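A.B. asks: Provided herewith is a single structure, encoded as structure tokens, for subsequent inquiry.
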Amino acid sequence: MQGNMNSEKNGFKKRIKSFGFAFTGLYELVKSEPNARIHLTATIFAVLGGFILRITNAEWCIIAIAIALVWAAEAFNTVIEKLVDHLFPEYHETARIAKDISAGAVLVCAIAALICGLIIFLPKLVLLTNF
Ligand SMILES: Nc1ncnc2c1ncn2[C@@H]1O[C@H](COP(=O)(O)OP(=O)(O)OP(=O)(O)O)[C@@H](O)[C@H]1O
């Protein structure tokens, strides 16, 4: 029983620590990647825009998914870049292809997020400027 409780405690502590590592990872991402700082700026604008233009719950869900998609793609792209740089310090065709495909994935997500943002915010901005 005592052993169980201890392992649960350790398990809970471990979960908290894991959250800490995950936040450190996000901090490293923003610190080391200029693109991540662009995503951060876009995220702040999207959230502020959401409040100012009073978007609906469904629109918030779409914006949240779009933001998460871009951040996740950028994070995985950075991981791939770092691993590729470690494995192939010199020019290598495999490294080029891996990095280009990974960058392509970010581009696809960013374009989708931009389209969602335009569809949601543009009509509201037009209405706002008309009155
Ligand atoms: N070791 C390598 N071998 C071959 N080509 C490479 C290598 N490293 C980078 N490249 C090529 O250079 C491009 C840019 O790589 P780099 O590591 O500078 O990424 P980046 O443009 O800085 O990406 P990000 O802006 O997302 O950090 C890659 O997409 C790839 O085409």
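A.B. asks: Towards the positive end of the charge dipole of the chain, with charges on Cβ (+1 Lys, Arg; -1 Asp, Glu), say which of Val79, Ile38, Ile65 has the farthest Cα.
C.D. replies: Ile65
A.B. asks: Show me, bin by bin at 5 Å from 0, the whole-percent P(r) of segment 1-103 based on Cα pairs.
C.D. replies: 2, 10, 14, 14, 13, 13, 11, 9, 7, 4, 1, 0
A.B. asks: A follow-up question, please. Based on the Cβ-Cβ distance of Val79 and Ile44, what FRET efficiency does E = 1/(1 + (r/R0)^6) give at R0 = 22 Å, to the nearest 0.05? Before the final figure, lay out each step's value.
C.D. replies: Details: r = 24 Å, r/R0 = 1.08.
With a Förster radius of 22 Å, E is 0.40.
A.B. asks: Compute the helix-to-body angle for 2-32: its Cα long axis versus the longest principal axis of the chain, expressed 0 to 90° and rounded to tens.
C.D. replies: The angle comes out at about 50 degrees.
A.B. asks: Could you please report the charge total around Gly49, scoring K, R as +1 and D, E as -1 over all other residues with beta-carbon less than 11 angstrom from its beta-carbon?
C.D. replies: On the way: positive: Arg54, Lys124; negative: Glu59.
Residues close to Gly49 contribute a combined charge of +1.
A.B. asks: Okay, moving on. Rounded to the nearest whole Å², what accessible area per residue is found for segment 35-130 with the 1.4 Å probe?
C.D. replies: Numbers: 6510 Å² over 96 residues.
The answer is 68 Å² per residue.
A.B. asks: Ignoring ligands, DNA and RNA, please state the percent of accessible area on the chain from carbon and sulfur, probe 1.4 Å. Each step should come with its number before you reach the end.
C.D. replies: Numbers: 7250 of 9850 Å².
Taking all protein chains in place, the chain shows 74 percent carbon and sulfur surface.
A.B. asks: Any chance you could give the angle, 0 to 90 degrees and rounded to 10, that helix 93-130 forms with the longest Cα principal axis of the chain?
C.D. replies: Between helix and principal axis, roughly 40 degrees.
The values are calculated or read from the model by the stated rules, or taken from the named source; none is laboratory data. No experiment lies behind these values; they were computed from the predicted model shown. When we count neighbours, we look across all protein chains shown, and the Cβ atoms used for this are built from the backbone with ideal geometry, even at glycine. Just so you know, the surface numbers come from the protein's heavy atoms only, side chains and all, with ligands and any DNA or RNA stripped out. Shrake-Rupley method; radii C 1.70, N 1.55, O 1.52, S 1.80 Å.
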